[in-house]
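Asks: This structure is in structure tokens; I'll ask about it shortly.
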Amino acid sequence: MARPKGNPMNRRTFLNSTAVAGMTAASAQRVLGANDRIGIGTVGTGGRGRTLTRYFKENEKADTRAVCDIYEANLTLGAETAGTNTKTYHEYERLLEDKDIDAIIVATPDHWHAPITIAACEAGKDVYVEKPMCHTIDEAFQMIDAVRRTNRVVQIGTQRRSYDLFREGKKIMESGRVGKIQLVNSWWYNNLTKPRDPVVKGKVDWERWQGYAEKREFDPFRFRNWYWFYDYSGGLTVGQGAHILDCINWYMEAKFPRAVTCVGVKSDVPGLEIPQTTTLTVEYPEGFIAVFTLGYKHMRYHRAHDQMKQFCGNKARFDVSRESHHLYEPTAELEDKPAYELIRYGTWGRSTAQHVDNFLSCVQSREDPTAPVEAGAYAAVSLAMAMESLQSGKRMLFDADAKRMSA
């Protein structure tokens, strides 16, 4: 296996140590009253972490109380975002010991999602964890075990599952109007021209940031552009693919893949490992194929039209975009007009607000959220296999019983 490059035994030891840290903090669990606001702590206060903190802060069910980051500049910005009297932590273990924190946001680099989520569950905290749910296949199943064993509420940050537009689209799929589907085509297009500026402002705990990944000397470029290095992520193939594959799995009621193949064009952005143009094919035991193409060397599209999922049925084709849906039925007319359409341009922003609200409601009710840990695992496994295929050049097979992939 080509990824990640760290020692697998070190990864297991690392995850076990985080679980122990969580159990040590378990006494910090607080019993919520019916009218209590949910105390929120954010771990990872970069751009996405601060955005999520704002959404939680705006929800009347939540009270943003603490932030945690190993990068001084982000910690300062995170505290400013969360509000006055916000507690700041350098180590997430200390945040998990805080009795004022009922649930956490995990918005760290991808390779930290699983360790922190598992530790939080062991500490009696509920979790909103950004996608992808995890970085490896083993982590996916360890997270499922931790969530179900501790009876915590964990929401994966695939907000389409709570977005009213996509929930209405799911009803179209369930109606039978599309018919039998053997092919789903999907893509996400944009343009990436240069990496992030490797300027670091303030202190960074680089040793801690690396976690179980291969140990390296501090590299500001790598730190600021972690998204594009296999040790920590899978680039936008994984970042955007997590959203696309999750929606396909949801609409098609599919679970783990049977096989995954991924190819890509070598990155022409200086210094980045992971390609910006890839195509992956997922073969499902449910009897269909899903194709996802990431094209981040394309022209720029309006945000409303930068992504698509086409469910190609024998009765109709259902096109699902970011803020609109169109159903096309067979016709002899030259101009192809939709038999059904739902357009809600300008509403994308509320998808995250609805997802956050669903999570907070489930923290109160103790029900499963719209994006439960199992759903996150279905997509995460496919994406881990895609990264292995991309690097090895092989078609990867998945054994769901053994919970392993092989070439």
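The values are calculated or read from the model by the stated rules, or taken from the named source; none is laboratory data. Note that this is a predicted model, so its numbers are computed, not measured. FYI the Cβ positions are ideal-geometry reconstructions off the backbone, even for glycines, and counts take in every protein chain you see.
Asks: Please verify whether R50 is part of a helix (DSSP H, G or I), modelled with pLDDT of 95 or more and among the charged types (D, E, K, R), treating the condition exactly as stated. Reasoning before the result, please.
Replies: Details: part of a helix (DSSP H, G or I): yes; modelled with pLDDT of 95 or more: yes; among the charged types (D, E, K, R): yes.
So R50 fits the description; yes.
Asks: Of everything in the range 347-367 that's closer than 28 Å to T237 by Cα and not polar (S, T, N, Q), which residue is surrounded by the fewest Cβ atoms within 10 Å (Cβ to Cβ)? Show your work before the answer.
Replies: Applying the first criterion (closer than 28 Å to T237 by Cα) to the range 347-367 yields 347-359.
Still in the list and also not polar (S, T, N, Q): 348-350, 353, 355-357, 359.
Values: W348: 16, G349: 9, R350: 17, A353: 17, H355: 25, V356: 26, D357: 19, F359: 28.
So the residue we want is G349.
Asks: A further question follows. Does E335 meet the test of being among the acidic types (D, E), over 30 Å from D138 (Cβ atoms) and not assigned by TED's automatic domain parsing to the domain that holds T64? Can you show your working first?
Replies: Working: among the acidic types (D, E): yes; over 30 Å from D138 (Cβ atoms): yes; not assigned by TED's automatic domain parsing to the domain that holds T64: yes.
When the stated conditions are applied, E335 passes them.
Asks: Quickly run through the range 82-123 and pick out the residues that are among the polar types (S, T, N, Q) and surrounded by fewer than 21 Cβ atoms within 10 Å (Cβ to Cβ). Reasoning before the result, please.
Replies: Taking the range 82-123 first, the residues among the polar types (S, T, N, Q) are 84-86, 88, 108, 117.
Answer for the range 82-123, where residues must be among the polar types (S, T, N, Q) and surrounded by fewer than 21 Cβ atoms within 10 Å (Cβ to Cβ): T84, N85, T86, T88.
Asks: Can you find, within the range 288-320, the residue that is nearest to V265 (Cα to Cα) among those that are in a strand (DSSP E or B) and among the aliphatic types (A, V, I, L, M)?
Replies: First, pick out the residues of the range 288-320 that are in a strand (DSSP E or B): 288-295, 297, 307-313, 317-320.
This time we only want the ones that are among the aliphatic types (A, V, I, L, M), so: 289-291, 294, 308, 320.
On the way: I289: 22, A290: 20, V291: 16, L294: 11, M308: 21, V320: 26 Å.
The selected residue is L294.
Asks: Right, next: Taking the condition of being in a loop (DSSP other than H, G, I, E, B) and touching a His at 6+ places or on another chain (Cβ under 8 Å), how many residues in the range 361-402 meet it?
Replies: Of the residues in the range 361-402, the ones in a loop (DSSP other than H, G, I, E, B) are 366-372, 393-395, 400-402.
From the residues that got through so far, the ones that are touching a His at 6+ places or on another chain (Cβ under 8 Å) too are 370-371.
Adding up the residues that qualify gives 2.
Here is a yes/no grid of residues against (1) aromatic (F, W, Y); (2) assigned to a strand (DSSP E or B):
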| residue | (1), (2) |
| --- | --- |
| G179 | no, no |
| N185 | no, yes |
| V199 | no, no |
| K215 | no, no |
| S233 | no, no |
| W250 | yes, no |
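Asks: Looking for something small (G, A, S) and either under 21 Å from the mean Cα position of the chain (by Cα) or closer than 20 Å to V356 by Cβ (or both) - is there at least one such residue anywhere in the range 121-139?
Replies: Filtering the range 121-139 down to residues small (G, A, S) leaves 123-124.
After this cut, where a residue has to be either under 21 Å from the mean Cα position of the chain (by Cα) or closer than 20 Å to V356 by Cβ (or both) as well, the list is none.
The answer is no; no qualifying residue exists.
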